[in-house]
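Encoded as structure tokens, the structure appears first; notes follow it.
The values are calculated or read from the model by the stated rules, or taken from the named source; none is laboratory data. Computed from a prediction, not measured in an experiment: that's the story for all the values here. Methodologically, a virtual Cβ is constructed for each residue, glycine included, from the backbone with ideal geometry; neighbour enumeration extends over all protein chains shown.
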Amino acid sequence: MRFPGALFGDAPSEETPGGAGGRARAFRGLRRRNAGGLRWLLGGIYMRVTLAAVIVLEAIGLILLAQGVLYTNGRIHPFVAETLGPVAAELLEADADPRALRAYIERPVSVRETPRPLSVSVPRPPNGYTLVFDAAADVWFDNRGLAVQDATPSTPDHDRPLITGEPSRRDRALARTVLDSGEPAARRGLTRTVYASPLTPVGGAPIGAMLQVSTLLPAAPGLVLLGVLGLLFATLFVVLIGTVFGLYASRPLTRRIEALAIAADAWSHGDFSRAVHDPAPDELGRLSRRLDRMARQIGDLLATRQALAGTRERTRLARELHDSVKQQVFAASMLIGAARSASPEEADRHLASAERLVEDAKQELSDLIHELRPVAVKGRPVDEALRSLGEAYPTSGAPTLRLDLDSDVSASPETSATLYRIAQEAISNAVRHARASTLTIRLRDLGAEVVLAIEDDGRGFASASAQGRGVGLTSMAARAEEAGGSLTIHSVPGGGTRIEAHLPRDLEATRQAVPETDTGPERTTP
């Protein structure tokens, strides 16, 4: 079901150049924006999350690998201390040259020797170092500094002078701790592990300490290059896979959101026939089904209101024509009929009145087209409008008309028009159907309320049998109800008829005091 776009804003309609074609272009632009926006956003999120996860996993793997290497080295340090410690203690006690200890470590061994050779097990640069302290915690042996000055490249390592350097404060402090306690001590950090053991001759006190340090820094250039290349490859791989996966995974979601956007745009143009049709059981599917149901309900409601508005408008127009033009034409026809049998002077007066009624009828038709308000009521008190109605009343062939009207009865335009129309219809019914001899119209101003009573002494009718017979009684009751008042009709066969209308003086004030409610179809009273 489609409704005019004007009901929903200044959107272009189907007939305008910016209508269907412009809407299709808007839909295509919306698709492009969605495809280049949300999909790429989700793809980027997937890629970044995956990249961060890979980097974190790589870092955790490197840390675990480093800790594994350090743990392995830490397990080798006690073996070195157990094997090399007695030799170092003996040399230190004999005040031997430190090169002797180096020569012992690097001595040739058989490949069948077990356990593994000391030359491989002892920590040495760049993967660590080994220190031997004397009893005063001074460095006696340090494998970090093999001096090359005063030596030729062909000089064997065991003939090169050994240069000892200053140990760090932590290394010296650990050596003192071991010398004082006589017990080995181990420390392990994130990138290095340290094992210190006392050097004790057989049956004696500690005369020194041996410190073994294994470290991961500086790492070998090949290892660093391998790590950098691995990280770069992983980054490129993750960017590619994460982007492709993100775009692929977000495509169904963006299509569903695009369908919602297209449907919402159609609804904004008044086209409630478009639906999303998303059967998915997730939150977006439930939202789509709710929006589809809302669109159907709004379309049905608007269709019902349009049909009801059309029916009400037709009913109102029929009532206006019946209560105004029809009554004036009927009165004019009666005046013309009376002029045929009257004297020339009276005939001229009747014809003049008839001519005035015809002019009023013409004006009423014009007024009905524009404002649907009686000409006789505009800007005048209700009593004056009713007196002008009585002046056009025929003087022959009709009941005698008596007017009992309060003076200067002012009311709102809607109330005045309603009272005027009720009086017109009641006079017309009395003249045509009542066969009465007297017709009395009374108007009373009760302050907040105006009361109009029309009474005749005609043949009357049974009120119950009048239900649904003709437009006049129904029209009068409907007018009074729409004006916020009430209409009562009392009639008995042979006893005349009394019609009484109670209307508020100011209809707008009454509507503001009592908000209108939709009570369904109009209720009619006979």
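Can you list residue pairs whose Cβ atoms sit under 7 Å apart, with the first residue in segment 49-64 being closer than 10 Å to Leu231 by Cβ and the second being surrounded by 13 or more Cβ atoms within 10 Å (Cβ to Cβ) and among the acidic types (Asp, Glu)? Count only pairs 6 or more apart in sequence or on different chains.
none
Looking at (1) at pLDDT below 65; (2) aliphatic (A, V, I, L, M); (3) touching a Pro at 6+ places or on another chain (Cβ under 7 Å), which is the only condition Ala6 fails?
(3)
May I ask you to list the residues in segment 268-294 that are at pLDDT below 85 and more than 18 Å from Pro252 (Cα to Cα)?
Hits for segment 268-294 are Ser268, His269, Gly270, Asp271, Phe272, Ser273, Arg274.
Does Thr193 satisfy the criteria of being surrounded by 15 or more Cβ atoms within 10 Å (Cβ to Cβ), in contact (Cβ under 8 Å) with a residue 24 or more places away in the chain and either in a strand (DSSP E or B) or outside the structural domain of Ile76 (by TED's automatic domain parsing) (or both)?
So Thr193 passes the test.
Considering only residues that are outside any helix (DSSP H, G or I), of a type in the set (D, E, K, R), modelled with pLDDT of 85 or more and touching a helix residue (DSSP H, G or I) at 6+ places or on another chain (Cβ under 9 Å), which ones fall in segment 482-521?
Arg505
Just to be sure, is Val409 under 60 Å from the mean Cα position of the chain (by Cα), at negative phi and modelled with pLDDT of 85 or more?
It is true that Val409 is under 60 Å from the mean Cα position of the chain (by Cα), at negative phi and modelled with pLDDT of 85 or more.
Please state which one of Gly208, Gly222 is modelled with pLDDT under 90 and over 17 Å from Arg124 (Cα atoms).
Gly222
Filter segment 416-453 for residues that are closer than 15 Å to Ala385 by Cα and over 60 Å from the mean Cα position of the chain (by Cα) and give the result.
Within segment 416-453, Ile427, Ile441, Arg442 meet the criteria.
So which of Thr315, Thr304 is of a type in the set (Ser, Thr, Tyr), more than 17 Å from Gln424 (Cβ to Cβ) and modelled with pLDDT under 80?
Thr315
When you check Ala448 against the structure, is it closer than 20 Å to Leu357 by Cα and in the same structural domain as Arg505 (by TED's automatic domain parsing), yes or no?
no
Can you find, within segment 118-150, the residue that is surrounded by the fewest Cβ atoms within 10 Å (Cβ to Cβ) among those that are polar (S, T, N, Q) and at pLDDT 85 or above?
Asn143
Just name the residue that is surrounded by the most Cβ atoms within 10 Å (Cβ to Cβ) out of those in segment 427-445 that are at negative phi and in a loop (DSSP other than H, G, I, E, B).
Among those that are at negative phi and in a loop (DSSP other than H, G, I, E, B), it is Ala436.
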